[in-house]
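**Student:** Next up is a structure, given as structure tokens.
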Amino acid sequence: MPYGEPERGTEGPQEFTTTVARWEAELAAAEKVLKPWRESCKNIDARYTLEKNRVDLGHLFGESDSRFNILWSNIQTLKPAVYAQEPVPVVKRRHRDADPAGRIAAEMLERALKSELERDERMGCGMDEALSRANLDYLLFARGSAWVRYEPDMEGDTVLDESCPTDYVGRNDLLYSPKRTWAEVVKDGWVARRTSMTRARGVGRFGEVFRNVPLDVGEDGTEIDERDQEVIGQADVWEIWDAASRKVFWVSRAWTDRILEEKDDPLKLEGFFPCPKPAFGTVSNESLVPVPDYRQYAKLAQELDDQTARIDGLVNALRAKGFYDASIEGLETLMNENADVLVPVTNMQNILGKGSGGGQITGVVQFFPLDTIARALTGLYDARDRTKQTLYEVSGVADILRGAVDPREKLGQSRIKEQNAGRRIDVKRREIENLARDCIRRKAELMAEHYDPERLRRLSGFDQMTAVMQAEQQQPGAADRLFAEAITLLRNERLRGFRLEIETNSTMIEDDEAEREGRTEFLRAAGEFMSSSLQVVEQVPSMAPLMGQMMLFGVRGFRAGRQLEGAFEDAIEQIAAGGQDQGGESDPQAQADAEARQQEIQGQMAVKQAEAQVKHTSAAMKLQAMQEKHRLEMEKLVAEHQVSKAEHDIAMEQMEADLAKTQAELTLKEREALTAVAADTAKSQNAMRVAAEAAKRTRVQE
């Protein structure tokens, strides 16, 4: 046995009890390590959702219920900045050389992945849903998890359908070895996931043995009475993936007689675990117990709540209060009316006499002074703003992310703030992107390893791929040959020959112009290079192979050019073959002249590139000047069009008069022209008649 490799399969059926006891101890130890974190998450979840009945948060939910839920505000700001939409898978060859089978296999797997992601979304088990929930857990509790499953739809031994759904795993449903790093967990640790099952589902999954398992929990995870277990009860089943033995165990902690099932590595994944490394927030180098971000600014959030409660109290106190002379008729009615009103009284002179001098009634009413309350309220508002600013600095929710940019700031200051905020967000964004990428990698590996080839062919639309259609047109039957080569490559190498990533920024808000811009950029770059390379090849034909390889080098760097890569390769091979057919023994002197000419052309190209850069810069400056000129002209036009209505009417009347005059002139000219045409026509007809009569007389005389 190789050094460091654990023994496998040493436990037989008679040792099931020992296996159950081992896993009960492992799960209990992991829960003990995570217990403080779970309690903290429970409080944070109640704080975020403001659910009073779930946990006692002291005076936060007092009678006034005054609070400033900065946690909810921060999370709502960060959620779309970290993850906004489902990632776009990208499958590339690890080595970008001339490899038609590898290129087609990569494109086929990528297209199949996209089709599968769309189907999962339609079936309600999409990756977007799982990653969105994992993102919320990550931002709230500093750990977000997902799990990829392989589910064949079997009828006997026949596979009717296959799918690889992605599941969200809640914070209380995932346990793992209490290791220092995730690498240690992957090396020889274990990962476990809890799933709740009804009696029917459990029997269908594990057989009659599941009838011995108590159904002691309800749908919400709470314990239920024994009399209700068969009706609404469920059982918690732990699915444990053990990297040391490369086995999977299913156990119920409520039934310790034996394990429910044991299997040798059913998925054959390269990393064994069907779940990728969770997205972790703050963790130390000595533990995988995460620390939620809210704990870093919980005291500041509490201070905001206290200040908000005081503000609410002072606002309630800031109302008109005081004393009035009860002997004055109608005064109470006047004070209690909200709308404009006149109150009739029968002793007006008596009221004015009791008032202050000058016949005023202010002397019979004395209001409570409110200036002290108003000053205290202003001070509390200022204090709360300072607390919020400190909290934003601690939490990383910068002004630029919240859209609260000071208009007095210079552009450079705003950009610096945006860059600093972006760097802090990038750390969080990379965690979720890595989680998404690893989920897609497992999904791709499961599809390459387990899916039926014909299902992959349908999912990928293999026969509609550009390279396949071109090959089939050139040689009938080539599509089947290429498909067989691609499937062989996927089955034998799986993902070892490929580099599977997610498209950069694809989890962010999608830019509708991104695809068109990518294609336009590719066509522009390819067109410019082809134009310059043709000039080189015309003068030095021996440079054609080098120009072709340079062209392929550029095409492989553009994702938008991947569909045309095969066409470029075929065209370049034909050019190279034509050059070999025409070539013969080369003259050393001619070869030396060609090399000298090549160096000269390279120098000219460098000069032209520099000139093009200068022209580009000049054109950009001219464009900016033209834009500024256009703006000024537009402002001038707007100012010129802001004329009074009288001036506008005068101008319209003048225009109508000019139009009438012009029409009259045109009518006169038309009449004159018609008269002239009629006169000319009469003259022509008269001349023709005279000519005809003269010809007639001539014939008579003859």
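The values are calculated or read from the model by the stated rules, or taken from the named source; none is laboratory data. Keep in mind that this is a model prediction, so the values were computed, not measured. Neighbour counts are summed over all protein chains in view; Cβ atoms, including those assigned to glycine, are modelled from backbone coordinates with ideal geometry.
For every residue, the table says whether it meets (1) part of a loop (DSSP other than H, G, I, E, B); (2) within 30 Å of Y297 (Cβ to Cβ); (3) of a type outside the set (S, T, N, Q).
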site	(1), (2), (3)
A106	no, no, yes
L113	no, no, yes
A130	no, yes, yes
S145	no, yes, no
D153	no, no, yes
Y168	no, yes, yes
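Residue by residue, here is whether (1) within 38 Å of the chain's Cα centre (by Cα); (2) of a type in the set (D, E, K, R); (3) in the same structural domain as K42 (by TED's automatic domain parsing) holds:
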{"position": "D265", "(1), (2), (3)": "yes, yes, yes"}
{"position": "G271", "(1), (2), (3)": "yes, no, yes"}
{"position": "L304", "(1), (2), (3)": "yes, no, no"}
{"position": "D312", "(1), (2), (3)": "no, yes, no"}
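**Student:** Same structure again: Looking at the stretch 126-158 only, could you name the residues that are of a type in the set (A, V, I, L, M) and touching a residue at least 60 places away in the same chain (Cβ under 8 Å)?
**Tutor:** Scanning the stretch 126-158 gives M127, A130, L131, A134, L136, L139, L140, A142, A146, V148.
**Student:** I'd like the full set of residues that are within 16 Å of F272 (Cβ to Cβ) and surrounded by 23 or more Cβ atoms within 10 Å (Cβ to Cβ), limited to the stretch 431-440.
**Tutor:** C439
**Student:** Looking at this structure, is E86 among the acidic types (D, E) and surrounded by 18 or more Cβ atoms within 10 Å (Cβ to Cβ)?
**Tutor:** In short, yes.
**Student:** Looking only at residues in the stretch 187-199 that are modelled with pLDDT of 95 or more, out of contact with any Ser or Thr (no Cβ under 6 Å at 6 or more places or on another chain) and of a type outside the set (K, R), which one is nearest to P276 (Cα to Cα)?
**Tutor:** V191
**Student:** Let me ask something else. Given the criterion over 30 Å from R457 (Cα atoms), within 32 Å of the chain's Cα centre (by Cα) and either acidic (D, E) or modelled with pLDDT under 95 (or both), identify the matching residue among D173, D161, D128.
**Tutor:** Result: D173 is the single residue among D173, D161, D128 that is over 30 Å from R457 (Cα atoms), within 32 Å of the chain's Cα centre (by Cα) and either acidic (D, E) or modelled with pLDDT under 95 (or both).
**Student:** Do any strands (runs of 3 or more DSSP E) entirely within the stretch 228-342 hold 3 or more residues that are modelled with pLDDT of 90 or more, and if so, which?
**Tutor:** Result: 235-242, 247-251, 261-264.
**Student:** Taking the stretch 270-322 on its own, how many of its residues are among the hydroxyl-bearing types (S, T, Y), in contact with a Phe, Trp or Tyr (Cβ under 6 Å, 6 or more places away or on another chain) and surrounded by fewer than 14 Cβ atoms within 10 Å (Cβ to Cβ)?
**Tutor:** So the answer is 0.
**Student:** Follow-up. Scan the helices (runs of 4 or more DSSP H) fully inside the stretch 384-493 and keep the ones with 3 or more residues being within 30 Å of L71 (Cα to Cα) and at pLDDT 85 or above.
**Tutor:** Qualifying helices (runs of 4 or more DSSP H): 411-450.
**Student:** If you don't mind, another one. Of the numbered conditions (1) in contact with a helix residue (DSSP H, G or I) (Cβ under 8 Å, 6 or more places away or on another chain); (2) under 30 Å from W72 (Cβ atoms), C164 satisfies every one except a single condition; which is it?
**Tutor:** C164 satisfies all of (1) in contact with a helix residue (DSSP H, G or I) (Cβ under 8 Å, 6 or more places away or on another chain); (2) under 30 Å from W72 (Cβ atoms) except (2).
**Student:** Can you work out which of the residues in the stretch 3-58 that are more than 19 Å from V248 (Cβ to Cβ), of a type in the set (D, E) and modelled with pLDDT of 50 or more is surrounded by the most Cβ atoms within 10 Å (Cβ to Cβ)?
**Tutor:** D45
**Student:** To continue, here is another question. What's the total number of residues in the stretch 521-551 that are touching a residue at least 60 places away in the same chain (Cβ under 8 Å) and among the hydrophobic types (A, V, I, L, M, F, W, C)?
**Tutor:** 2
**Student:** Same structure, new question: For the stretch 429-480, how many residues are charged (D, E, K, R) and in contact with a strand residue (DSSP E or B) (Cβ under 8 Å, 6 or more places away or on another chain)?
**Tutor:** Residues that pass the stated criteria total 8.
**Student:** Something else now. Would the stretch 206-217 turn up any residue that is within 41 Å of the chain's Cα centre (by Cα), of a type outside the set (G, A, S) and at pLDDT 90 or above?
**Tutor:** yes
**Student:** Right, here's the next one. Output the qualifying pairs, or none if there are none: Cβ atoms under 9 angstrom, residues six or more apart or on different chains, first residue in the stretch 366-393 and over 14 Å from D306 (Cα atoms), second residue of a type in the set (K, R) and part of a helix (DSSP H, G or I).
**Tutor:** These pairs meet every condition: A376/R310; Y392/R402.
**Student:** A follow-up question, please. Of all residues in the stretch 250-269, count the ones that are surrounded by fewer than 15 Cβ atoms within 10 Å (Cβ to Cβ) and over 21 Å from V148 (Cβ atoms).
**Tutor:** 3
**Student:** If you don't mind, another one. Name the pairs: first residue in the stretch 446-469 and in the same structural domain as D99 (by TED's automatic domain parsing), second residue modelled with pLDDT of 90 or more and among the small types (G, A, S), Cβ to Cβ under 8 Å, at least 6 apart or on different chains?
**Tutor:** Sorted first by the residue in the stretch 446-469, then by its partner, the pairs are M447/A112; Y451/A112; L456/A112; L459/A112; L459/S115; S460/A112; S460/S115; G461/S115.
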